[in-house]
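Worksheet for the structure shown next.
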Amino acid sequence: MALAALPASIAQGTHLWTQSRLEEFEKGTPQGVALLSDGHLREGPALSERAATPSNAVWSVAVDKSGAAYLGTAGPATVLRIAADGKPFTLFETADLSVHTVRLGPDGALYAATVPGGKVYRLDPAATAKQDETTAALVFDAAKLDEPRPAPDPTRAADAKAAPEKPETKPHYIWDLTFDAAGRLYIATGGPGVVYRIDPAKPGVKPEAFFKSDEQHIRSLAWDAKGNLIAGSDGSGLVYRISPEGKGYVLFEAPRREITAVAVAANGVIYAASVGDKSRNPLPPLPVQGVGSVTITINQPGSMQAANASASLPEGTEIYALDEGQAPRRLWAGKDEIVYALAARADGLIALSGNRGRVFRIAGDGSFADIAHLDAQQGLSLAALSSPGAEGLLIGTGNTGKLCLLAASAQKHEYASDVLDAGALARFGRVEVQPGSAGYEISTRTGNVEQPARGRNDWGWSDWQPLREGAVASPPGRFLQWKAALQSGGVLGGVGVNYLPVNAAPVVDELVVVPGARLNPQNQPGAQQSTVSIAFPAPSQNQGITFDTGNSSAIQAAKDRTAITVRWAAHDDNGDDLTFALYLRGDGESVWRLLKDNLTDKAFSFDATLIPDGGYQIKVVASDAPSHTPGDALTGSKESERFEVDTTPPVVSALKAVLADCLHQDCHPERHGEQRGGVEGPASAVIRVSFDAEDAFSPIAHAEYSLDAGPWQYIEPVGGLSDARRERYELKIPLDAAAAKLPEHLVTVRVYDRHDNIGVAKTLIMVPEK
């Protein structure tokens, strides 16, 4: 029976947390446990730290028959000797950036290559005093190479005279060293990619260019059983087979641009690790400056840049198997890995990778196992132990620079899982194990802090406890971790833990009420309405409020004086489905009255005309009842700030308007007729208007008048301040000559309360005939 997790969308009920795939097991911590690509755990090798260096990276490792290791490092650039007991000694130090390669020669000397100086030094591995560039024997210096030029072609003599002669470009990098059966040293260089050969037994003899390529770098070297040199390049991702006479043949062009490592198995199969995207060439053009001079900028391979910058290559690595007589086949691919070193062994191909510090063992059929997790970001170099009674691999790391031992066997085979976050306090039940598993013991521990605090007896977590009748014996908690101990020959497949989060009440995070707005209005065709933006207030840094981002952006509603819109945000720590109920309470009331229930949306509009004018609050109650039985459901609520409802317009009363002949202060309209007498037309005419305005709930905001359907004019109340529910207005409206000749005048007044309700009144003034 295969283990499968419950769908994430199901929040209620028992959950099943599983780890059954390699990607899931890699999140845990193995100790002497191999994580197989088919999702099983088996016994694996033991990984231990043998030495920590002061350098950032250990780019190369060599080991002698006594078990002493020699490290080529960077930052600082040194050659360190690590005795079998782990004691370090600085054998060589250089001002160059890196000692990229160290190799023990058949003559018993140690050879060290520096980057980017392009030099190879011969060192005494048993020296008791530190050596440097002035005391070590220099056997190769790229800067002093005297490259022979090809003989001129007589048929191209005219062209040769016309074109300026370009100087030969000399290498800047040394990427690998190796020795043939005759003890001759082969040096793989970069900028350009050339393999040089020298005979250490013949000092003073100049190095010869054994093989020249068109590539920028020759990155890696290995030997096949027939004495051919296998070389991998950077630029086009080529794998060369170079005969003992120096004749090169391209065995394979990889889809990637750089061959970081090559290895040859006992059965003759060649393995090549490739990285990088050919469509993005990091090497700049070589600009020519003047006649006979060339300025060249050399970049190191992308894998080196990635390791130094602690940055991953998004293309990952592909490893190809090249078997004579068969087409090249992709054996393995890692999307997050950069493979820096390969070793072909009887138990499979060992691949050492960077970016996550992993060691993989790959079988011939492409199945593989993650056999070790390095305590460093980059796995850079490896060497097999060859001393009697010692088996395993020495591994050099980067970020930080350490020497580790991958032993053939381990005393303890344990795997600690990733940590489960149940999201809330949870009870844990039965543990399910994939059928076919055997030879294991599982224990668990729980806590309420995310990670156990190391160095403090795992403070905050319970002790490890074995399962009790197949179920978790650890106490309830938010976090859980399981641990498996494998016995000899044990195997463990997928593991699933059943758990039930303790129900947590939902939380209403935010609540806003917006009078004068309506969601989804029934618009008339072609009608245009003003909109209102309804947004939650921005939380302050100290509030710590977080709610679902899908419900936090502003929404648009139609402006509608007769409507009220309520909007809220809520969440449930258990991920339960929620329903909402809205309650209303007026000023001075003690009872919340149900407005609407069984809402699933988080916004609601209702008619303001259904409730009397006054001050109110709204309460939103969230319930997780859809995800629980009635007795287990919980609720959470939030009350709004006070808001006001006012849909009733103010009333205009006692509106009076009379015509007068004067504008001065002592002009009295009641004597208007007497003043006109027999005078032909008024000397000056004015309409005196007075009225009262009153609103049942809110203060009067302002008033306006219009004469004879003309433009509206603002009016101040008597006293100037408009701050009461009842205001008195008195004004004089002067008439111009044209208006004075009209037989009647229409005076209209309108009054606004604070909620933009409008009260209107009008009166008609008849002008007496002469």
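The values are calculated or read from the model by the stated rules, or taken from the named source; none is laboratory data. Quantities reported herein were computed from a predicted structural model and do not represent experimental measurements. FYI the Cβ positions are ideal-geometry reconstructions off the backbone, even for glycines, and counts take in every protein chain you see. For accessibility, only protein heavy atoms count, side chains too; no ligands or nucleic acids. Shrake-Rupley method; radii C 1.70, N 1.55, O 1.52, S 1.80 Å.
Could you go through the range 710-728 and let me know if any residue there is touching a Leu at 6+ places or on another chain (Cβ under 7 Å), surrounded by 16 or more Cβ atoms within 10 Å (Cβ to Cβ), without any contact (Cβ under 8 Å) to a residue 60 or more places away in the chain and closer than 28 Å to LYS559 by Cβ. Yes, that holds for at least one residue. Scanning the range 223-240 turns up one or more residues that are at pLDDT 95 or above, surrounded by fewer than 20 Cβ atoms within 10 Å (Cβ to Cβ) and not in a loop (DSSP other than H, G, I, E, B). Checked against the criteria, VAL502 counts as at pLDDT below 95 and out of contact with any helix residue (DSSP H, G or I) (no Cβ under 7 Å at 6 or more places or on another chain). Here THR629 does not qualify as among the hydroxyl-bearing types (Ser, Thr, Tyr) and open to solvent by less than 20 Å² (accessible area, probe 1.4 Å). For the range 329-393, the strands (runs of 3 or more DSSP E) that sit wholly inside it and include 1 or more residues that are charged (D, E, K, R) and within 25 Å of ALA52 (Cβ to Cβ) are 358-362, 368-373. I'd like to check something: does the range 570-577 contain any residue that is under 17 Å from GLY615 (Cα atoms), assigned to a strand (DSSP E or B) and either open to solvent by 20 Å² or more (accessible area, probe 1.4 Å) or in contact (Cβ under 8 Å) with a residue 12 or more places away in the chain (or both)? No.
Scan the range 310-332 residue by residue and report those that are within 25 Å of ASP375 (Cβ to Cβ) and either at pLDDT 95 or above or hydroxyl-bearing (Ser, Thr, Tyr) (or both). The answer is SER310, SER312, THR317, ILE319, TRP332.
Every residue in the range 214-262 that is small (Gly, Ala, Ser) and touching a Ser or Thr at 6+ places or on another chain (Cβ under 9 Å), please. The answer is SER220, ALA222, GLY227, ALA231, GLY232, SER233, GLY235, GLY237, GLY248, ALA254, ALA261.
For ASP96, the test of being open to solvent by 10 Å² or more (accessible area, probe 1.4 Å), at pLDDT 95 or above, outside any strand (DSSP E or B) and acidic (Asp, Glu) is failed. Listed by first and then second residue, the pairs with beta-carbon distance under 8 Å, at least 6 apart or on different chains, first residue in the range 355-374 and within 14 Å of ILE319 (Cβ to Cβ), second open to solvent by 40 Å² or more (accessible area, probe 1.4 Å) and polar (S, T, N, Q), are SER367/SER37; PHE368/SER37. Residues considered: GLN300, GLN289, GLN305. Of these, the only one that is crowded, with 22+ Cβ neighbours inside 10 Å, modelled with pLDDT under 85 and of a type outside the set (A, V, I, L, M) is GLN300.
ASP336 meets all of the listed conditions (1) touching a Lys or Arg at 6+ places or on another chain (Cβ under 9 Å); (2) open to solvent by 20 Å² or more (accessible area, probe 1.4 Å); (3) at pLDDT 95 or above but one, namely (3).
For first residues located in the range 389-416 and closer than 22 Å to ALA485 by Cβ and in contact (Cβ under 8 Å) with a residue 60 or more places away in the chain, partners that are part of a strand (DSSP E or B) and acidic (Asp, Glu) and lie 6+ apart or on another chain with Cβ distances below 6 Å form the pairs HIS413/GLU43.
Residue-level check: of (1) within 28 Å of GLU324 (Cβ to Cβ); (2) assigned to a strand (DSSP E or B); (3) open to solvent by less than 40 Å² (accessible area, probe 1.4 Å); (4) in contact (Cβ under 8 Å) with a residue 60 or more places away in the chain, GLY183 misses just (2).
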